[in-house]
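A.B. asks: My questions all concern the structure below.
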């Protein structure tokens, strides 16, 4: 069974690398042609730079993936997990404390090993193409903050989960699912006001007249939002975006200051109308409900498999390994089993995006505004305008930009 699982892993990994290859080859063949409707925003030189950025980013992603997969093979198939498991369990008598140390140390090591790739991406690739505006000091501060927050959350979650396991050995799967569902909602409430401000500065929109335009559109949609704010994204990067954050009464709209500088008011309103479409079409709660249904099923299945004595043997590991190690084994096997569902999830997301585009076009009555905004965002972010259809179908959560722009302009009144 160990060889069979290794074979599945090798096939899936090779398949993902093949997808990467055909996507880059497709870009190489078609990336010099300016798409219809993008004239004026993108020229041949911009396309060349965009292609180069995609190639460089993908190349770094490939090396990062190769490195991660090599470590995974050594850890799981090379027996390092057994050595690590024995070290952790030998130094702690409490199962809860052992579990906390097991996952915390593993997370820290993984993060540390990924630092060189993050540094190269930020200060070499992003800087080379004019995106990076952060300093090494800010980068280190962000890393330390994120690790501190992540560690606190991880310690709390692992401690509670393993306490629930010991408290209710036969029903823990249900208690853990309920706890995680409540914790996720709690984080959605507090993140906009507690965590996000630790990294960025948020303030009311300063662009004259923009907030009024946004609120007028919100009233037309029948949606109330606590605040419309801008974020100092330019402190770290020149990439642009806009998003909703929070839920219920604490939800708010956040605009990157880079987006405000790049677009007209009508284009910004159109982008936000698209985001409103997700709320009005029920995409947010549908995703939450679906995620919780899957989480409940996964929690029950985990309970069954973690109680099966033969689970460690699937990777040739001794039955005596600890519960945290069994969870790692289960997570690896689950990633192989769930891999074929990735394209289905991406397809479902693309359907939602098309619905949100349609809603934005109907709400504003100006589909061209959203189309123009997408063209500008693609040009400014050096997006790949020529993804391979199979690659896009497998991975993309949004329809390809050229397709979205073409569809929107087909909706524009004559």
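The values are calculated or read from the model by the stated rules, or taken from the named source; none is laboratory data. Since we're looking at a predicted model, the values are computed, not measured. Backbone-built Cβ (ideal geometry, glycine too); neighbour counts: all protein chains shown.
A.B. asks: Go through region 368-387 and give me each residue that's over 25 Å from residue 56 (Cα atoms) and either in contact (Cβ under 8 Å) with a residue 60 or more places away in the chain or within 18 Å of the chain's Cα centre (by Cα) (or both).
C.D. replies: Start the filter on region 368-387 by keeping residues that are over 25 Å from residue 56 (Cα atoms), which leaves 368-373.
Passing the criteria: 369, 370, 371, 372, 373.
A.B. asks: List the residue pairs whose Cβ atoms are under 9 Å apart, where the first residue sits in region 292-307 and is on the phi > 0 side of the Ramachandran plot and surrounded by 15 or more Cβ atoms within 10 Å (Cβ to Cβ), the second is outside any helix (DSSP H, G or I) and modelled with pLDDT of 95 or more, and the two are 6 or more positions apart or on different chains.
C.D. replies: Filtered contacts from region 292-307: no entries.
A.B. asks: Looking only at region 185-219, filter to residues that are out of contact with any helix residue (DSSP H, G or I) (no Cβ under 9 Å at 6 or more places or on another chain) and farther than 24 Å from residue 285 by Cβ; which one of those is surrounded by the most Cβ atoms within 10 Å (Cβ to Cβ)?
C.D. replies: 211
A.B. asks: To continue, here is another question. Tell me, yes or no, whether region 247-269 has at least one residue that is in a helix (DSSP H, G or I), within 22 Å of the chain's Cα centre (by Cα), at pLDDT 90 or above and at negative phi.
C.D. replies: Looking through region 247-269, none of the residues is in a helix (DSSP H, G or I), within 22 Å of the chain's Cα centre (by Cα), at pLDDT 90 or above and at negative phi.
A.B. asks: Also, quick follow-up: Residue pairs, Cβ under 7 Å, 6 or more apart or interchain, first in region 337-352 and within 14 Å of residue 291 (Cβ to Cβ), second not in a helix (DSSP H, G or I). List them.
C.D. replies: 349/397
A.B. asks: Taking the condition of being touching a helix residue (DSSP H, G or I) at 6+ places or on another chain (Cβ under 9 Å) and more than 22 Å from residue 29 (Cα to Cα), how many residues in region 381-414 meet it?
C.D. replies: Total satisfying the criteria: 9.
A.B. asks: Just checking, how many residues over region 25-46 are surrounded by 14 or more Cβ atoms within 10 Å (Cβ to Cβ) and modelled with pLDDT of 90 or more?
C.D. replies: Matching residues across region 25-46 total 2.
A.B. asks: May I ask you to verify whether residue 117 is surrounded by 14 or more Cβ atoms within 10 Å (Cβ to Cβ), in contact with a strand residue (DSSP E or B) (Cβ under 7 Å, 6 or more places away or on another chain) and touching a residue at least 24 places away in the same chain (Cβ under 8 Å)?
C.D. replies: Details: surrounded by 14 or more Cβ atoms within 10 Å (Cβ to Cβ): yes; in contact with a strand residue (DSSP E or B) (Cβ under 7 Å, 6 or more places away or on another chain): no; touching a residue at least 24 places away in the same chain (Cβ under 8 Å): yes.
Considered against the rule, which asks whether it is surrounded by 14 or more Cβ atoms within 10 Å (Cβ to Cβ), in contact with a strand residue (DSSP E or B) (Cβ under 7 Å, 6 or more places away or on another chain) and touching a residue at least 24 places away in the same chain (Cβ under 8 Å), residue 117 comes out as no.
Listed here are the residues, each with its yes/no results for (1) modelled with pLDDT of 90 or more; (2) under 23 Å from residue 277 (Cβ atoms); (3) not in a strand (DSSP E or B).
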{"position": "179", "(1), (2), (3)": "yes, no, yes"}
{"position": "188", "(1), (2), (3)": "no, yes, yes"}
{"position": "193", "(1), (2), (3)": "no, no, yes"}
{"position": "220", "(1), (2), (3)": "no, yes, yes"}
